[in-house]
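Working notes, beginning with the structure itself.
The values are calculated or read from the model by the stated rules, or taken from the named source; none is laboratory data. This is a predicted model, so every value here is computed, not measured. Please note: Cβ atoms are built from the backbone with ideal geometry, for glycine as well, and neighbour counts cover all protein chains shown.
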Amino acid sequence: MGRRILSLVFVLVIFSLPLVAASPWIEVRSQHVDVATDTSEKQGQEVARRLELMREVFGDLFSLSKLNTPAPLQIVAFRSQDEFMPYVPRQKGTPVSLDGFLVATEDSSFLGLDVSSPDWQSGAARSYARLLLRENFPVMPVWFEEGFAQYFGAVKTVGQQLEFGNTPAQLQTTLASSQWTPIATVFGARREDIEKQSAASATLFQAESWLAVRYILVNNRLGDAFKYLQLAQIQHVPPAEAIEQVFGVDAPNFEKQLRQSLSAATATTRSPIPPLHDEPYSTKKLTDMQAHAVLADMHAHSDQFFQQALPELQAVLKADANNRVANRALGYWYLHNDQPAQAEPPLQRATSSSEVDEQSHYLLGAVLLKREEQEGRGERLRLTALQQLQRSIDIDREFAAPRSLLAEGLIESGNYDAGITSAKQAVALYPGAEQFQAQLARVYIQAERWDSARAVLIRLQTSEDPGIRQKATETLASLEATRQQAAEKKKEREAAMRDPTAPQWKMTQDIAAEDARDAADDSEKPDTRKTMFLSGELQSIDCSHQPAAFVTVRKNQKTVRLYTNDYTKLIVTGADQFSCSWRDKRVVINYKPGGHADGDLVSLELAGK
C-alpha cells in the first residue's frame, strides 16, 4: 500500500511540471548560452543567435572588448504561454513579465522565455540586459538598470541593420499622459521603493528611466552618466546636486531637456548588425527526465518556487538516479536549506558524472566547508573542499563563486595573501554580485586589513539589498572594537614569545608527561582552534622523544617552534614519510596556534631545498 502511494505521488509530481513531455525537448548550445526548448531546432538556434547578438551589441554600447561570464547561463524557451506562465515569478500576485524573466544566483542564471509571444525578442533583451549589467559593472542604481533594460529591449532589426532609440510599446502613452515624477526623485529611488508603488507609478518610473538612458546614449554622454554614478553611489552626493555637477544644469532644467528629447528627430539611430562568430551550434535531444531536471533546477534557484523544487527533484531522481542536473540541483537545494549532510551524497554523484560540471564541484566544495564548520570534522575535510573548489576553477576560469568561497578556506588556513587575491578575483569577475564584495570585506577583517575592509563596507552601505546594507552598517559600527581586540591578542602573543616560562619553551620530556596525563580528557574534545598557514625554511627537527617531535621553522627574522605528539600520523606531502633528518628545506605548514609550543602541527608539505 505504501509503495502504491509513493508511486502515485511520483506520478503527480512529474505531471505537475507543465507539459514538458508533450513535445520533445532539445538543447542548443552556442558560445555563451545553453538553450533548452520544446520548440524546433530552428527556433532554439534563433533564440541562441539573438542572445549572442545582443551580447555583442551590449559590448559595443559600453566599449567593452570582452564581457564577463561569471556563471553559467541556462535559457528555457517555452513554446506556449500556458507552459511559460507557471514559472514566472510574481510581484504582489502579478507576473513580473508576460514574455521573459530572469533568475540570477551566485552559481547560475536562468532566463525564461515565451517564444510564442510576438514580443519575445524584446522580453529576452530586457532580461539579458539586467544580467549583463550585473556581470560587468558594480550594482547600478535602479533607474539606470531599468532604463537601460527598456532601451535594450526596444532595439529592432531592420534589414541588415539594428535600430536604436525606439520608444517601448508599453511606454508610448505614459510620458505623454502622466504627470511626471521629479527626475531627482527618480534618480534617488531604491528598488524597494519601486516595488511598493502602484502599477501606474511603476510604469511611469520605467518610462522616465528609459528616457533618461536614451538621452544619455543618443547624446554620447555615457561618460557623464558614470561620473554621476561615482558621485551618487560612492561619494553619496544627493541626486539633485550630482545632476547639476555632471550635466551642467539643475534638476528641473535637466528634466526639461529630457522632455524636449522625447520628440527629437535624432532620437533613433541605425547601425550595421555586428558580425557574429558563434556557429556552429551544437544540438542534442533531451529525455523527459533531463527536461524535468532543468525545470526543477530553475525552480530550486527561485525564491518563490524553492519549496516546490524538492519533490520535483526527488521525483526525477526516482526515475533517473544518476541524472547529473537533478543531483546537482538537489545538492543546491539542501545546501541553501542549511542541510549540508543531506546535500553531500547527490553532489558526490553529480561530480562522479562523465560530464564535466564546474557547478557541481563548486557546490560540493561549499557543502564540505559548511560541514567542517558545523561538525568540526578536521583539516582533511577542509583540504578536500579546497580541492573541489580549485577543480571548479580549473574547469571554468571565469566562474566567480568558487573563487569567493576558496578565499574563505584559504583565510581559515592562515594563507591571507592568497585568500585576499582569490576574493578580489571573484569581485572582478562578477562586480554586480554584492555577496562577493561582502565576502571580500570579511576576508580583509580576518587578515586585519582594516582600512581596506572599511572602504568595502562603506560602499555596501548603499546597497539595493536591505540585508547587505544592514549587515555592512553593523560590521562598520563594530570594526574599531574588532581592531582593538586583534591588537590586544597580538600583544599577548608577543609577550608569550619573550616569556621563558611560556609553554613553547618547555622541555620535550615535560610535554610528553603532560600528554600522557591529558590524553584521556582531550581525546573526546574537538579542537576548535583556527588553523594557521606558514611558509618558510625548516631549520631542524627534534625527535628525541619519539614519536613526538618539535619542528623549528624560520620565516624572515621570525623562528617558530611547532609540535606533533606523533609524527607518524602527521599529514605529509612532497615526501613518502616524515624524516627526523630533514634540515634546511623549504616547507609549507598548517598548524594550530598554542598548545605545547608556538603551535601544534596539522600538515607539512615539503617544497624543496
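If you go through the range 250-288 and keep only what is surrounded by 13 or more Cβ atoms within 10 Å (Cβ to Cβ), under 30 Å from Ser177 (Cβ atoms) and β-branched (Val, Ile, Thr), you end up with just Thr268. Mind checking whether some residue in the range 368-375 is within 30 Å of Asn136 (Cβ to Cβ) and surrounded by 24 or more Cβ atoms within 10 Å (Cβ to Cβ)? For the range 368-375, residues within 30 Å of Asn136 (Cβ to Cβ) and surrounded by 24 or more Cβ atoms within 10 Å (Cβ to Cβ): absent. The residues of the range 18-40 that are at pLDDT 95 or above and either touching a helix residue (DSSP H, G or I) at 6+ places or on another chain (Cβ under 7 Å) or in a helix (DSSP H, G or I) (or both), listed by number, are Trp25, Ile26, Val28, Val35, Ala36, Thr37. When Arg459 is tested against (1) in contact with an Asp or Glu (Cβ under 8 Å, 6 or more places away or on another chain); (2) modelled with pLDDT under 95, exactly one condition is not met: (1). When residues in the range 61-88 are screened for being outside any helix (DSSP H, G or I), more than 21 Å from the chain's Cα centre (by Cα) and surrounded by fewer than 18 Cβ atoms within 10 Å (Cβ to Cβ), 5 of them pass.
Taking the range 89-129 as the range and being among the β-branched types (Val, Ile, Thr), over 22 Å from Asp193 (Cα atoms) and out of contact with any helix residue (DSSP H, G or I) (no Cβ under 7 Å at 6 or more places or on another chain) as the test, only Thr105 passes.
Checked against the criterion of being closer than 26 Å to Leu381 by Cβ and exposed (fewer than 14 other Cβ atoms within 10 Å of the Cβ), the range 558-567 has at least one qualifying residue. Total residues in the range 553-578 satisfying the condition of being without any contact (Cβ under 8 Å) to a residue 24 or more places away in the chain and more than 24 Å from Ala418 (Cβ to Cβ): the figure is 5. Somewhere in the range 94-109, is a residue crowded, with 18+ Cβ neighbours inside 10 Å, closer than 30 Å to Ala200 by Cβ, over 26 Å from the mean Cα position of the chain (by Cα) and among the aliphatic types (A, V, I, L, M)? Within the range 94-109 (the criterion being crowded, with 18+ Cβ neighbours inside 10 Å, closer than 30 Å to Ala200 by Cβ, over 26 Å from the mean Cα position of the chain (by Cα) and among the aliphatic types (A, V, I, L, M)), the answer is no, since none of the residues qualifies. Determine, yes or no, whether Gly419 is over 30 Å from Ala189 (Cβ atoms) and in contact (Cβ under 8 Å) with a residue 40 or more places away in the chain. Spelling it out, it is not the case that Gly419 is over 30 Å from Ala189 (Cβ atoms) and in contact (Cβ under 8 Å) with a residue 40 or more places away in the chain. Pairs linking a residue in the range 313-335 that is farther than 23 Å from Arg371 by Cβ to a residue that is modelled with pLDDT under 95 and not small (Gly, Ala, Ser), with Cβ atoms under 6 Å and 6 or more positions apart or on different chains, are Ala315/Phe10; Ala315/Val13; Ala315/Ile14; Lys318/Phe10.
Regarding Ser271, is this residue modelled with pLDDT under 95, among the hydroxyl-bearing types (Ser, Thr, Tyr) and part of a loop (DSSP other than H, G, I, E, B)?
No: the conditions fail for Ser271.
Screening Leu222, Leu175, Leu231 for residues that are touching a residue at least 40 places away in the same chain (Cβ under 8 Å) and surrounded by 15 or more Cβ atoms within 10 Å (Cβ to Cβ) leaves exactly one candidate, Leu175.
Conditions (1) among the polar types (S, T, N, Q); (2) more than 18 Å from the chain's Cα centre (by Cα); (3) crowded, with 17+ Cβ neighbours inside 10 Å, marked per residue:
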position	(1), (2), (3)
Leu429	no, no, yes
Ala438	no, no, yes
Ala441	no, no, yes
Ala453	no, yes, yes
Val456	no, no, yes
Lys471	no, no, yes
Glu474	no, yes, no
Thr482	yes, yes, no
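In this structure, Glu537 does not satisfy being within 24 Å of Val427 (Cα to Cα), charged (D, E, K, R) and at pLDDT 75 or above.
Could you tell me how many of the residues in the range 454-465 are assigned to a loop (DSSP other than H, G, I, E, B) and among the β-branched types (Val, Ile, Thr)?
The qualifying residues number 1.
Answer yes if at least one residue in the range 582-597 is surrounded by 14 or more Cβ atoms within 10 Å (Cβ to Cβ), polar (S, T, N, Q), in contact (Cβ under 8 Å) with a residue 12 or more places away in the chain and over 21 Å from Glu412 (Cβ atoms), and no otherwise. No, the range 582-597 has no match at all.
For the range 178-229, the tally of residues that are of a type outside the set (Ser, Thr, Tyr) and out of contact with any helix residue (DSSP H, G or I) (no Cβ under 9 Å at 6 or more places or on another chain) stands at 5. Annotation: Met54 fulfils all but one of (1) in a helix (DSSP H, G or I); (2) at pLDDT below 95; the unmet one is (2).
Answer yes if at least one residue in the range 466-474 is touching a Lys or Arg at 6+ places or on another chain (Cβ under 8 Å) and among the β-branched types (Val, Ile, Thr), and no otherwise. The answer is no, given that none of the residues of the range 466-474 is touching a Lys or Arg at 6+ places or on another chain (Cβ under 8 Å) and among the β-branched types (Val, Ile, Thr).
Okay, residues lined up against (1) modelled with pLDDT of 90 or more; (2) assigned to a helix (DSSP H, G or I):
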{"residue": "Gln197", "(1), (2)": "no, no"}
{"residue": "Ala200", "(1), (2)": "no, yes"}
{"residue": "Trp210", "(1), (2)": "yes, yes"}
{"residue": "Asp224", "(1), (2)": "yes, yes"}
{"residue": "Leu231", "(1), (2)": "yes, yes"}
{"residue": "Glu244", "(1), (2)": "yes, yes"}
